[in-house]
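The values are calculated or read from the model by the stated rules, or taken from the named source; none is laboratory data. None of the values given here were measured: they were computed from a predicted structure. No Cβ is skipped: glycine too gets one built from the backbone with ideal geometry, and neighbour counts run over all protein chains shown.
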Amino acid sequence: MKIGIIKERKNPPDRRVVLSPKKCKELLNEFPELTIKVESSEDRFFTDADYRIEGMEVVNDVSDCDVLLGVKEVPKTNLIPNKKYFFFSHTIKKQAYNRDLLQEILAKNIELYDHETITNKNNIRLVAFGRYAGIVGAYNGFRTYGLKYNRFNLPKAEELHDQLMLIHELQKLELPPIKVVLTGKGRVSNGAKEMLDGMGMREVSVEQFLSQIFDEAVYVQIDVLDYNKRKDGKVINEQDFFKNPQEYESNFMRFANVSDLYIACHFFGSGSPYIFTREDAKSENFKIKVVADISCDIDGPVASTIRPSTIANPIYGYHPLTEKEVDYLNSDAIAVMAVDNLPCELPKDASEGFGESFATYVIPAFFNNDKDGVLQRAKMTENGKLTERFSYLQDFVDGE
C-alpha cells in the first residue's frame, strides 16, 4: 500500500501534518509492505529535508498513491479522483460552506475518511488535536490577561517551539491573586489544565473557589453539574444532564461573580443551557474580564464570543451593555480570545501527538482487515455515494 502525505493548500496554509518524519520511518519499519511519499511543501513545520533525512521520498506528484493524508480541507480542484482521502472535511454537521466540497468528493468517486469520524466501537474519537487546542488556548488566555491589564507581554505561541517553551514563559509570570475558572473535563480542558499545573498554579475545590479569598492565583476545573442545575432542584447525575438538557439551567453565575479569567473548554450539546447569556454579562456582579473561549461556539453558550478571532489578531473586546465589539482595552470590555484553529500555533507538538494516535489506531487497520471496524465506521463516501452511516447528509448534499 502506498500512502501520500499531501501539501496543505487551504489558505492560510496549515503547518501541521498527519505523520511526522520520525513516525513515517517507524511505520515503514513496522509494515514492510507500506510505502510513504511526501508531497513537497514550504509551509509545513517539518521541512522536505526533515523527511528526506528519515528516508522518505519527497515528490511533487502523489497521484500514484492509494491513500492521501491531509489536515485541512482539500480544495476541490486539487482532489484526485478514485482515491482514499483522510482530512477534516467540516461537513458532518452539514456546514453549508463545504457542501460543494462534499458534492465534488462524491462526483470524483473519492472514499472520504474524515478525521472526526475515526472512532472506536463506543463512538469515542481516536485521533484529535483537542489537547493542543487546550494547551495553546490556556497560554493565550494568560497572554490576553497580560495585555488587557498591561501587566506583561507574553510572546505569541506560534513564536515558540513547543509546549515546554510555553510553560516556561508562563512560569516567569508574577500574577496577582486572580481566580481562574476552567469548564470541561475532556481532552481539551485537560490540555489547558496541563498548562495551569505546569506553571505552578494552585488548584482548589469548588467550595474553596466560591467562598474563600486567596493571596495567590488559583484555579478550579468544573464539570457540567458544577455549572448547571436541574430546574426542579433534583441532583441526579451527568447522564441525566446529557439525556435531558432541557431540564437544566445554568448555574455559572456563582463562578462569574468571583472569577477574573474564564477558560472555556466545555462540550456544548444541542439543547444545553447557555453557560452565560448577554443579560448575565450585564450584571454588576459579573466579574470576568478575560475569556479564552477555546470551544469557540459563535453566538452560543459564551455570550461574549460574537465571532472567531485569528492567530494574527487573536483578541477583541465585547461590551456587555451595548452587546457590540469594542477595543479590548476599553475598561468596560471583556477581552475575548476565540481563535478557532489554536493547534496551528503549536504545529510540532500537535503533529507528533496526532500522528502517534493515527499510527496506533488507523494505519494497522489497513493491514489487519480492519478487524476493529475503524475504517468501516469512518468511511463517509464510497462508489460515489454516502455510506449508510452518513446517509443523513443526503439532503445536505442535495442542497435541501
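Descriptive notes on the structure:
- Check on V204, farther than 20 Å from C296 by Cα, modelled with pLDDT of 95 or more and of a type outside the set (F, W, Y): yes
- Subset of the stretch 167-177 [free of Cβ contacts under 8 Å to residues at least 24 places away in the same chain, part of a loop (DSSP other than H, G, I, E, B) and of a type outside the set (D, E)]: K172
- Within the stretch 22-41, the set of residues being of a type in the set (G, A, S) and surrounded by fewer than 17 Cβ atoms within 10 Å (Cβ to Cβ) comprises just one member, S40.
- Filtering Y85, Y51 for residues that are touching a Leu at 6+ places or on another chain (Cβ under 6 Å), within 23 Å of S357 (Cα to Cα) and surrounded by 14 or more Cβ atoms within 10 Å (Cβ to Cβ) leaves a single hit, Y85.
- Test: residue in the stretch 212-231 that is under 27 Å from the mean Cα position of the chain (by Cα), surrounded by fewer than 16 Cβ atoms within 10 Å (Cβ to Cβ) and of a type in the set (S, T, Y): no
- In the set (1) closer than 18 Å to L342 by Cβ; (2) touching a residue at least 60 places away in the same chain (Cβ under 8 Å); (3) not β-branched (V, I, T), L164 fails one condition alone, (2).
- Hey, Y361 closer than 28 Å to P13 by Cα, at pLDDT 95 or above and not β-branched (V, I, T) or not: yes
- Residues that are outside any loop (DSSP other than H, G, I, E, B), within 30 Å of A192 (Cβ to Cβ) and either at pLDDT 95 or above or touching a Ser or Thr at 6+ places or on another chain (Cβ under 9 Å) (or both) occur in the stretch 76-91; there is at least one.
- Filtered residue count, the stretch 118-151, keeping only those that are without any contact (Cβ under 8 Å) to a residue 40 or more places away in the chain and of a type in the set (A, V, I, L, M): 1
- If you go through the stretch 31-52 and keep only what is free of Cβ contacts under 8 Å to residues at least 24 places away in the same chain and not polar (S, T, N, Q), you end up with P32, E42, D48, A49, R52.
- Scanning the stretch 249-273 for residues that are of a type in the set (S, T, N, Q) and at pLDDT 95 or above, we see that the one that is surrounded by the most Cβ atoms within 10 Å (Cβ to Cβ) is S259.
- Qualifying positions in the stretch 48-77 - more than 25 Å from D114 (Cα to Cα) and within 27 Å of the chain's Cα centre (by Cα): D48, D50
- Only one entry of L68, L19 meets the criterion of being at pLDDT 95 or above, assigned by TED's automatic domain parsing to the domain that holds T381 and outside any strand (DSSP E or B), and that entry is L19.
- Of the residues making up the stretch 351-389, just one is within 30 Å of L166 (Cβ to Cβ) and either in the same structural domain as G141 (by TED's automatic domain parsing) or assigned to a loop (DSSP other than H, G, I, E, B) (or both), namely V362.
- Single unsatisfied condition, I288 versus (1) surrounded by 15 or more Cβ atoms within 10 Å (Cβ to Cβ); (2) on the phi > 0 side of the Ramachandran plot: (2)
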